[in-house]
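Please read the structure below before turning to the comments.
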């Protein structure tokens, strides 16, 4: 099978079909977090799996980009929050360069949101509170996994899981010091909506710093 057989063809549109709903309603809000909240509520209602999944982009020590999927766990206090192992590749890259970008893609809605900004660690109290909401197995896994480092085989991981499960028994599983959260405070947020013939709707919000006012701009597709 050739690559052409695997890749879906470009969509075909009826030039006489009714246009999508008015984008004046879609982009009504003048503040990006209000608009994101509305879009995210729609995504939660329609997206089949993980509407809070976002691709997190960082750069390594050589300046090469790196990207992976993580789960947003909040977008309060003016930022997008996620949690992970600080000793992982992403954690080390964020420690060296406190800038990152994320993108949400909601295929069911044919929309995406791109965010770029600065990264700061959340406080211990916030990280502790979220960690205790996780499934017990996930909490034990946070202790057992030496994320991003070489793994001999699956048995080696399962052995470490068993060791930590025995260590904590039926008692509380505290948050390990290497497991923490980050908040991405955006300096730019772009909202994108699919439209026929690749003539998509794009709305950008930008600001010079976290204290500045947002500038709202329509962009060519």
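The values are calculated or read from the model by the stated rules, or taken from the named source; none is laboratory data. Note that the coordinates shown come from a computational prediction; the quantities given were computed from them, not determined experimentally. Cβ coordinates were reconstructed from backbone atoms using ideal geometry, including for glycine residues, and neighbour counts include every protein chain displayed.
Does residue 42 satisfy the condition of being in contact with a strand residue (DSSP E or B) (Cβ under 9 Å, 6 or more places away or on another chain), surrounded by 17 or more Cβ atoms within 10 Å (Cβ to Cβ) and either closer than 30 Å to residue 96 by Cβ or modelled with pLDDT of 90 or more (or both)?
no
Provide a single number: the residues in segment 47-68 that are within 18 Å of residue 109 (Cβ to Cβ), modelled with pLDDT of 95 or more and surrounded by 12 or more Cβ atoms within 10 Å (Cβ to Cβ).
Qualifying residue count for the region: 5.
Looking at the structure I just gave you, is residue 51 farther than 22 Å from residue 128 by Cα and outside the structural domain of residue 122 (by TED's automatic domain parsing)?
The answer is no for residue 51.
Scan segment 179-190 and tell me whether some residue there is at pLDDT 95 or above, over 24 Å from residue 29 (Cα atoms), surrounded by fewer than 16 Cβ atoms within 10 Å (Cβ to Cβ) and under 22 Å from the mean Cα position of the chain (by Cα).
Scanning segment 179-190, I find no residue that is at pLDDT 95 or above, over 24 Å from residue 29 (Cα atoms), surrounded by fewer than 16 Cβ atoms within 10 Å (Cβ to Cβ) and under 22 Å from the mean Cα position of the chain (by Cα), so the answer is no.
For residue 142, are the conditions met, namely being under 18 Å from residue 68 (Cβ atoms), at pLDDT 95 or above, over 18 Å from the mean Cα position of the chain (by Cα) and surrounded by fewer than 13 Cβ atoms within 10 Å (Cβ to Cβ)?
No.
Filter segment 2-28 down to the residues that are in a loop (DSSP other than H, G, I, E, B) and touching a strand residue (DSSP E or B) at 6+ places or on another chain (Cβ under 9 Å), then identify the one that is surrounded by the fewest Cβ atoms within 10 Å (Cβ to Cβ).
Top of the filtered list is 20.
In segment 114-122, is there at least one residue being closer than 14 Å to residue 183 by Cα, touching a helix residue (DSSP H, G or I) at 6+ places or on another chain (Cβ under 6 Å) and modelled with pLDDT of 95 or more?
yes
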